[in-house]
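Have a look at the structure below, then the notes.
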Amino acid sequence: MTDVAQEVLVPDRDDIHARIDTSRPHSARFWNYFVGGKDYYEVDRELGDQIKAIFPGLVDVARTSRHFLGRAVRHLAAEQGVRQFLDIGTGLPTGDNTHEVAQQVAPDTRIVYVDNDPLVLAHARALLTSTPEGRTAYIDADLYDPGAILEAASDTLDLSQPVALMILNTLGHVADYDDARSLITRLMAGLPSGSYLTICDGTATSEGMIAASEAYNKSDAIPYYVRRVDEITGFFDGLDLVDPGIVRVTDWRPAPDTPKPATPVDAYGGVGRKP
C-alpha cells in the first residue's frame with residue numbers, strides 16, 4: 001500500500017502528545033494489549049492483567065471481535081458492493097484494518113476513520129494508508145456529535161451513495177441505552193438507502209463478563225457497560241438484518257477453517273441494511 005491518497009485531518013502533533021495521559025488506563029490501549037498489539041503503557045497492561053485474572057475470556061472477546069470486523073468488511077465490499085466505509089471508534093491500528101480489508105477487495109474504496117483518542121491520532125499518519133485508487137481519511141471527532149462527523153466525512157465520502165457505518169466495541173462507552181440508540185439513529189439518518197450498519201459489543205451473557213466489566217469500571221478508565229443481547233438487536237431497529245442476524249461474533253459468517261474458542265464469547269454483533 002501507498003500513502004498517495006491518504007488524508008489525516010488531525011491536530012498538530014505536539015498538541016496530540018500533550019493530550020496523552022499515561023497515568024491512567026485507556027480503553028483503546030487496553031484493547032490493544034488484549035489483541036496482541038504493542039501500543040499501550042504499563043498502566044494499561046496492569047489493568048489488563050487484573051481483568052484477565054478475573055475473566056480470561058475477555059481476551060477471546062477482543063480477538064474474535066477483531067476477526068468479525070474483517071469478515072463483515074469483506075462481505076460488504078465483496079458481496080454487497082460497498083465502496084465507502086465510515087468507521088467510528090477506530091481504536092489503535094493493528095492488522096487487517098478496515099481500509100486494508102476493503103481495498104484488498106476493491107482498491108477504489110474510500111474509508112473515513114473517526115476517533116478522538118490522542119494516542120490513536122498519533123498513529124494515524126504512520127499506519128493508516130491507502131491504495132492510489134482509493135482514499136483514506138482520519139478525523140478527530142466525537143461519537144456524541146453525529147452532525148460534525150457526517151459533515152467532516154462528506155469531504156471524503158459521497159453521502160448520496162451507500163456507506164457502511166462501522167461501530168465496533170464502542171457503544172458500550174455510552175452509559176444510557178436510549179442515548180446510544182439516538183446516536184445510531186442520527187448517524188443512519190444522514191446516510192442514504194442501501195447503506196449498512198455494522199455493530200458488535202461485549203454482552204452481559206456470563207457472570208465472568210459482568211464481573212470483568214464491573215472491575216474495569218472501577219478503574220480510572222472511561223467506563224464500558226456490557227448490554228443484553230436484545231439491546232444490541234435494538235440498535236438495528238428499522239434495518240433489514242443480513243443473515244445470520246444478531247449472533248455471537250464467532251457465529252457471524254465464520255470461515256470454515258476458523259477455530260472457535262473453547263468457551264462461547266460474550267460479544268454479539270451483526271450487519272443491517274437501510275431500506
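Coordinate-derived values only; no laboratory data. The structure displayed is predicted, hence computed values, not measured ones. Here Cβ is always computed from backbone atoms with ideal geometry, including for glycine, and neighbour counts include all displayed protein chains.
Before moving on, here are some points about what is shown:
- Along the chain, longest interval not containing exposed GluC sites (Glu not before Pro), exposed being DSSP loop plus at most 16 other Cβ atoms within 10 Å: 134-275
- Reach of Lys218 by Cα under 30 Å, taken over lysines that are not fewer than 8 positions away in the same chain: Lys38, Lys52
- Per-pair calculated FRET efficiency, R0 = 35 Å: Arg24 and Asp237 via Cβ, rounded to 0.05: 0.45
- Relative contact order, percent, the range 6-273 [alpha-carbon distance under 8 Å, six or more residues apart]: 21
- Taking the DSSP beta bridges with both ends in the chain, the antiparallel portion is around 35 percent.
- Here's the picture: a label point sits 7 Å out from the Cα of Ala106 along the beta-carbon direction, and within the range 157-192 the residues with their amide nitrogen under 11 Å of it are 162-164.
- CD proxy at 222 nm, helix term only [per DSSP H run n ≥ 4: -39500 (n - 2.57); per residue of the chain; nearest 500]: -11500 deg cm²/dmol
- Under the span-like rule (Cα at least 30 Å along the axis, Kyte-Doolittle mean at least -1.0), DSSP H helices of the chain: 57-78
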